[in-house]
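Following this message is one structure expressed as C-alpha cells.
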Amino acid sequence: MPVAPSRHPGPVRRLDPILVDRIAAGEVVERPASAVKELVENAIDAGARSIEVTVEGGGRRLIRVVDDGAGMGPEDLALAVERHATSKLPDGDLTRIDTLGFRGEALPSIGAVARLTLTSRTATGETGHSLTVDAGVRGEVRPAPSPRGTRIEVADLFSATPARLKFLKSDRAETAAIAEGLRRLAVAEPGIRLVLRSDGGSPLVFPGESEAGPAALLRRLTAVLGPDFGANAVPLEMAREGFALSGHVGLPSYHRGAANQIHFTVNGRPVRDRLLLGAVRGAYADTMGSDRHPVLALSITCDPAFVDVNVHPAKTEVRFRDASLVRGLIVSAIHEALRRAGARTATTTAARTLEALRGESLPFAEAPATGDRPLQAHTGWGARPATAPPLPRGLPSFGAPGRFPPARDAVSHRSGFEETPQAAFTHDFAPPGADLRQEADPGSPESDNVGDHPLGAARAQLHETYIVAQTRDGLVLVDQHAAHERLVYERLKRERAAGGIARQGLLIPDVVEMAPDDAARLLEAAPDLERLGLTLEAFGSGAVLVREVPAALAGASTRTLVIDILDALVGSGLEEGSLDGDDAGGGPLSRRLDAILSRMSCHGSIRAGRRLRPEEMNALLREMEATPLSGTCNHGRPTFVALKLGDIERLFGRR
C-alpha cells in the first residue's frame, strides 16, 4: 500500500542556486519550442536580419540558433547567463517595454537544464568569444572564431531534469511545435529571413521581405498561412484613441477547423490572448459556424504604457489598460473589412465542388486550388426537402417596397426528353421553375447582359430550391433560402441601426401559449423586443399576445417566430438584465440583439420549395451583389457556388 508523503518537511532553508535555476527554468522552458522561441526573440532584439534554426530529435538532442545580429563582447557574454541580467530595460521602466525579451531569464534557465554553448562576436570585435554552461555550472569565457552575430547551441535539453523528458511528445510533434512558433514570429517580422532545419524533413524557409508595406506583408502572410490566403484576404486598417490595428483578415467562407491560423501581434510581439480571440469570434459570429475558425493576421500598435506584457512567464498573454476599447476596435474593423469585401466567398471552394461532384471527399476548407479560379465560390450541394411551406404572404420584394408576385402555378409533370429548351431538366422531374430563355422579356437587360453582373442572370430553378445563373464565363448555383436569409438579416440590422425596425400590425392579434416562466421571460424583454419590431402583451399566466411583427416578417408563422425568439433570449442571456442603452462598438448588447434578428430573419426568408419567377430570381441575385457578407447566411452556411467554364469542361474531360 503506498505511503502518503510527509507534510512536515523540516525547517526553512535556502535552496541551492542551481536548484533555484532549475525550478525557475520550468516556468520559462516548458518544451523545446519554448527554448527556440526565447533564443529567436533574443536574436530579433539584437537586430538580426537572418536567423537559422537547426533541431535534432525534436530539439531534445540539439537546438542551434545562428543569427547575424549585433553580437556580444566577452563582458556581455559573461553577464548574459546571469539570472535577471538584460540589456533590454535601460531605464528599468516595466511600463514601457518595447523589446521581445526583457526578463533576463532565457539563457540561465536553458543553461540550468541542458548544455548551453554561446559563441558571439560584435561588428567591431577582432575575434569572437565562447562560453559554456553545463547543467547550471558556468565555464570561462574563451576566445573563439566566429562571424559577426551569435551562435547558440543547446545540447541534451532537460538532461539535468530527466523527469521533464517524460512529458515531452514525439520528435515529430515537438518539431511541429517549433515550426508553429517560428511561423508566428515570421508573421510578426516579415523583414527577417527565418529558416528551420530538422532531421528527416525539408527546411522551412521564410525569405525576408526587402521592403515594407501591405504588399510585402501579404506576401509573407501567404508564405505562412498558405498560397490561397492572398486571394481570400481583405486588408484592414483602423485607429482609435491611441490604438492602431492593421493586417489582413480572411473571408468568412475561408476557414479552418482549429484556431491555429489566427495570428496577433501587439507592438511586434506574437501573442495568444483570450481577449483578442474572443473579439475575433464575436466579429465572425453571424458569418461562420461555431465549429469553424477564421484565418487572419492582425497587428496592434500602441504606446507601451497602454499594455502590460509582463503578465505571463512565456510572454504569450498581455493585459490592456482599456480592454473594451481594444475589443471594440477589432470587432468594428473586421466588420468594416468584410462589408467592404461585398459578395465574395472563398476561391478554394470551386475545387471542393468539383471533388464533391466526382464523389471524392476533402476537408472543408483545405482543398487544392484549380487552375482557373472561379468567381467567388462556395459549395451548396446539401440535400433539401422537395417541398416546403409556401412563401408567407406579404413578404417584401427584393431591394424595393412592394410584394413578391404570387407563385406560378405548378406545371404538370412530364416524363422523358422533349423538344424544348428545358429538355435536359425534365426527365423524371417537374420542369424547373423558371428559364429566362423562355420567359424573360427579350428587351429586358436581364435577358442578355449576363456579363454585366458578378452573379450573372438567372436561367433556371432546380427543385424549387436552387437558382442556376449564367455568368460571362461560367455558372452560379444559389441556395435561395440561405441567400435571402442573409438579405433579410442585413435589412433588419440596417433598420435597427437607423432608429427602428418597420412594423406591421396584425389584423387579428395572435395568442401564443407557452409555459408560464417562458411567457415571463418574453414579457420581461418586451420593451426591448419592441425596438426590434415585435410588440407583445401579457395574456394570462401562460400566454402572450402578439400585436405587431417586423414588416419584413409579415405572413410568417407568429407562434414559430415567438418560440424561436424565446430560444434566442435563453441562449444569449438577455432575460438576465435590461437592454437599455446600446453599444455600437459591437459589445454584448449588439451581439444579443443581432442573435435575435438572426432568428427572425430565418422566418422572413424564401423557403426551399418556393417556385420563383425569373424577375424574382434576378432581383435576388442583384441584391446579393449589393449586400455585404452575402456569400454566407447568418448561420455560416454558403449561399452560392460559382464555377468557371474551364472547371466545368474539366469535369466533363473536355480539357
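The values are calculated or read from the model by the stated rules, or taken from the named source; none is laboratory data. If you're wondering where the values come from, they're calculated on a predicted model, not measured in any experiment. Neighbour counts are summed over all protein chains in view; Cβ atoms, including those assigned to glycine, are modelled from backbone coordinates with ideal geometry.
Any idea how many residues of the stretch 244-259 are surrounded by fewer than 20 Cβ atoms within 10 Å (Cβ to Cβ) and in contact with a helix residue (DSSP H, G or I) (Cβ under 7 Å, 6 or more places away or on another chain)?
Going through the stretch 244-259, the residues surrounded by fewer than 20 Cβ atoms within 10 Å (Cβ to Cβ) turn out to be 244, 246, 256-259.
Within this subset, residues satisfying the condition of being in contact with a helix residue (DSSP H, G or I) (Cβ under 7 Å, 6 or more places away or on another chain) are 259.
Number satisfying all stated conditions: 1.
I've got another one for you. Taking helices (runs of 4 or more DSSP H) that fall entirely within the stretch 153-231, which contain at least 2 residues that are under 19 Å from Val40 (Cβ atoms)?
Values: elements: 162-165, 171-188, 214-225.
Output list reads 171-188, 214-225.
Here are some conditions: (1) hydroxyl-bearing (Ser, Thr, Tyr); (2) in a loop (DSSP other than H, G, I, E, B); (3) within 21 Å of Met238 (Cβ to Cβ). Ser332 meets all but one. Which one does it not meet?
Ser332 satisfies all of (1) hydroxyl-bearing (Ser, Thr, Tyr); (2) in a loop (DSSP other than H, G, I, E, B); (3) within 21 Å of Met238 (Cβ to Cβ) except (2).
To continue, here is another question. Looking at Ala85, Ala135, Ala46, Ala106, which one is buried (at least 17 other Cβ atoms within 10 Å of the Cβ) and over 26 Å from Val195 (Cα atoms)?
Details: Ala85 fails: buried (at least 17 other Cβ atoms within 10 Å of the Cβ); Ala46 fails: over 26 Å from Val195 (Cα atoms); Ala106 fails: over 26 Å from Val195 (Cα atoms).
After ruling out the rest, the residue left standing is Ala135.
Turning to a different aspect of this structure: Could you please give the count of residues in the stretch 187-199 that are farther than 13 Å from Ile262 by Cα, surrounded by 22 or more Cβ atoms within 10 Å (Cβ to Cβ) and in contact with a strand residue (DSSP E or B) (Cβ under 7 Å, 6 or more places away or on another chain)?
4
May I ask you to list the residues in the stretch 295-314 that are in contact with a Lys or Arg (Cβ under 8 Å, 6 or more places away or on another chain) and closer than 12 Å to Ala259 by Cα?
The one that is in contact with a Lys or Arg (Cβ under 8 Å, 6 or more places away or on another chain) and closer than 12 Å to Ala259 by Cα: Val295.
Within the stretch 291-311, is even one residue assigned by TED's automatic domain parsing to the domain that holds His335, surrounded by fewer than 16 Cβ atoms within 10 Å (Cβ to Cβ) and among the aliphatic types (A, V, I, L, M)?
Looking through the stretch 291-311, at least one residue is assigned by TED's automatic domain parsing to the domain that holds His335, surrounded by fewer than 16 Cβ atoms within 10 Å (Cβ to Cβ) and among the aliphatic types (A, V, I, L, M).
Continuing with this model, one more query. Looking at the stretch 603-621, is at least one residue part of a helix (DSSP H, G or I), out of contact with any strand residue (DSSP E or B) (no Cβ under 8 Å at 6 or more places or on another chain) and either modelled with pLDDT under 85 or under 27 Å from Ala323 (Cβ atoms) (or both)?
Initial filter on the stretch 603-621 (part of a helix (DSSP H, G or I)): 603, 614-621.
Filter once more, so that each one left must be out of contact with any strand residue (DSSP E or B) (no Cβ under 8 Å at 6 or more places or on another chain): 603, 615-616, 619.
Now narrow it down to the ones that are either modelled with pLDDT under 85 or under 27 Å from Ala323 (Cβ atoms) (or both): 603.
Scanning the stretch 603-621 turns up at least one residue that is part of a helix (DSSP H, G or I), out of contact with any strand residue (DSSP E or B) (no Cβ under 8 Å at 6 or more places or on another chain) and either modelled with pLDDT under 85 or under 27 Å from Ala323 (Cβ atoms) (or both).
While we're here: On the basis of being in contact with a Gly (Cβ under 9 Å, 6 or more places away or on another chain), at pLDDT 90 or above, within 30 Å of Lys644 (Cβ to Cβ) and of a type in the set (Ser, Thr, Tyr), does Thr465 make the cut? Step through it out loud before you land on a result.
Values: in contact with a Gly (Cβ under 9 Å, 6 or more places away or on another chain): yes; at pLDDT 90 or above: yes; within 30 Å of Lys644 (Cβ to Cβ): yes; of a type in the set (Ser, Thr, Tyr): yes.
So Thr465 passes the test.
How many residues are more than 33 Å from the chain's Cα centre (by Cα) and crowded, with 20+ Cβ neighbours inside 10 Å if we restrict to the stretch 555-575? Before you say what the answer is, go through the steps one by one.
We begin by selecting, within the stretch 555-575, every residue more than 33 Å from the chain's Cα centre (by Cα); these are 555-559.
From what's left, crowded, with 20+ Cβ neighbours inside 10 Å: 556.
Residues meeting the conditions: 1.
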